[in-house]
1. If you stretched the chain out fully between B:Leu429 and B:Arg361, how much longer would it get, using 0.36 nm times the residue separation minus the C-alpha to C-alpha distance?
2. Determine which lysines satisfy two conditions relative to B:Lys159: a Cα distance under 22 Å, and not lying fewer than 8 residues away in the same chain.
3. For a quick check: sort B:Arg183, B:Arg55 by the number of other beta carbons within 10 angstrom, fewest at the front.
4. Using modelled backbone amide H atoms (1.01 Å from N, in-plane), which distant-in-sequence or interchain residues come within less than 5 Å of B:Asp301's amide H?
5. Please arrange B:His477, B:His313, B:His231 by counting, for each residue, the other beta carbons lying within 10 Å of its beta carbon, fewest first.
6. Within 10 Å, count the other beta carbons around each residue, average over each peptide in B:113-123, B:400-410, and list them highest first.
7. Which ordering of A:Lys174, B:Lys364 is given by a fewest-first count of other beta-carbon atoms within 10 Å?
8. Taking the dipole about the Cα centre of chain B, with the C-beta of Lys and Arg at +1 and of Asp and Glu at -1, give me whichever of B:Val417, B:Thr369, B:Ala91 is farthest to the positive side.
Amino acid sequence: MQMHSLSFDVSHTLAGGLVLISFMMLYQDRLYSLLNVFALHALVLALSVAWQALIQNAPHLYVTAAIALGFKAIIIPVALHRIVKQLGIHRDIESAVGIGPTMLAGMGLVALSMVLMLRVTADADPLAREDLAFALSVVLLGLLVMVTRRNAVSQVVGFMSLENGLVLAATGAKGMPLVVEISVAFSILIAFIVIGIFLFRIRERFDSVDVSALDDFRGERR
Amino acid sequence: MNMSSFNPVAAVLLIPIGAAALLALLPGYRLTARLNVVASLLTFLSAISLLLIQRPQPTPYVLVDDLNIVFIVLNTFVGFTTSIFSASYIAHELETGRLTPAYLRFYHAMYQIMMFGMNLAFVSNNIGLMWVAVEIATLSTVLMVGIYRTHAALEAAWKYFILGSVGIALALFGTILVYMAARPVIGEGQDAMVWTLLIEHAARFDPALLNVAFIFLFLGYGTKVGLAPLHAWLPDAHAEGPTPISAVLSGLLLNVALYALLRFKILLAASPNAIAPGPLMVTIGLISLVFAAFMLYRRRDIKRLFAYSSIEHMGIIVFAFGMGGPLANFAGLLHMVMHSLTKSAIFYAVGHISQVKGTQRIVKLRGLTVTHPVLGWGLVVGVVAIAGLPPLGIFMSEFLVVSSTFARQPLLAIVLVLGILLAFGALTLRLTSVAFGNPRGSTAPVEASYVPMFAHLSLVLIAGIYLPAPLVVWFQHVARLLG
């Protein structure tokens, strides 16, 4: 067993921490606590990106870290807190699928991404490899949050955690251009969504199991 | 400015941006609608000039080659005709108060930003930049889909937004993986994202990494192409937004995502040990085709009907590109052009019809050829074209797809023909009830601009009867590029 350097261990820990926090999101049943967990997610991402900036000697990544810290760990959670309060939906989250199956599915997804990414990136350097495997896990877990939640706010949180996984992947790929631009573009996208929720008071995802309600919306009732 | 310093690539990007800024500031319908048309015309003319003058050399950011010129010219042409249609459509929306002047400014500015995003996606030589451009185009259309702010429109915009965001997120992951595959060969930094360099060195990339990357890119951009089972956003977005947006969504935005897919397909084909993307595209294409063909029967909303028809045709196009080979690629390319022209023409007709009748529900639209002969017969011609009847252009491209498939994979061809026939049946059924029979609803005359609709339909008709030889040669060349 080969010994890894400190830089490897730290980035490994941070990336693994992100996966763990993604798991924590899966079982939050209150919107406020979900938002808090997301803020933690963004904080760990900021640390991870800053660490990558340090070890890769890539100062522009500090910008991405700063965006993650300021925008995603502070501004967005605070804004969503206020929206949740104003919309009066802070009581609970109705999750479409139970916590048990969701956790099992989450484990399955993480196992899948490990098997997939570690196998196909056998020749890449170990740091990038594991980073990529963790990043894919975070992306898939974010998708899982999006599909198991019915509430617009928690769907957005799921999307943002998915996006954190992408930023993790992009910063792990050494020397990748346009990372800062992409993280700015994503921030704008998220700002749009949050403003959208606020302006249009989207309480629920409109997908319902009740098909008749859908037909009504679409004017397709016979 | 003399001609030697005229840069058409810069023009197709800067004209929409400048126009967007102006349109966001200027008040008044008359002025802004005209400005929108003029800007779109200038963009189209610049795109045409790409054909005539010598092409710029590829730079790390910009690339002009035989493949994307087809897309750019088509894009700016439909963008131009839609802006003419949009002018008369929007006038009516202002009268009925569905749009306020403030929203009108927003609408026009977004229209030009969307054109900018699409043109940028076509000319970009950097896969990261292409991704950003697709995102810009998507975001601007999301905002326009929700512009009426009704419950249904917001639902559609939200769904489009969420599914579209997931799509672009997956595409970004795929893009990162392509970079990872390229980095050991090309070296760190920007060069490893430049498409022309990628294709040069693709043979030495790690094939396993490239395979996974393509799966993500296919899922990601495939969501935007509207392929089943990731199509759920498409019908809602078409039905609830303003009709000019439905026309550009079907006619153009789906092509942008398709173009991105094709670029990566070429990349994968250049790497000998990577999986062949063909079977995946063929399968998903066929699923989309057959699924959409069945769904056509259950539609009650006319814009939703044609949205499903777009899924069906995108399925055929992806199928054709998946089959590969010079003939199938040629057919796919031709089908894409014909579909863009026909589908936007249909939406022009449907837009005016739903405005004058005040509804999009199929049961309430009857006897259109009696009440509004020009629109009604325009729609008939459009639907006949989209259903794939001779002598119109789509017949020819579908015939080419089917015959090239029969020669190679007869079993697949049977499924293909079945799907096409099913869709044909559904469309004829709906067409007869909408176009003929006892008239229903308002018979008030429409103030429509028929020029865009008939321009498109006559182009489709001409292409069905006679394709100019230079065009054939060019498309054949592009088909060989696509491998």
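Any read-out appearing in this document is the output of simple, stated calculations on the displayed coordinates, not a laboratory observation. These numbers come from a predicted model, not from an experiment. Because the Cβ atoms are built from the backbone with ideal geometry, glycine has one as well, and the counts that use them run over all protein chains shown.
1. Full-extension gain reported as 23.0 nm.
2. Partners within reach: B:Lys224, B:Lys303.
3. Ascending Cβ contact count within 10 Å gives the list B:Arg55, B:Arg183.
4. The answer is B:Ile362.
5. Fewest-to-most Cβ neighbours within 10 Å comes out as B:His477, B:His231, B:His313.
6. Per-residue mean Cβ counts within 10 Å order the peptides as B:113-123, B:400-410.
7. Values: A:Lys174 19, B:Lys364 15.
Ranking A:Lys174, B:Lys364 by Cβ neighbours within 10 Å, fewest first, gives B:Lys364, A:Lys174.
8. Going by the Cα projections, it comes out as B:Thr369.
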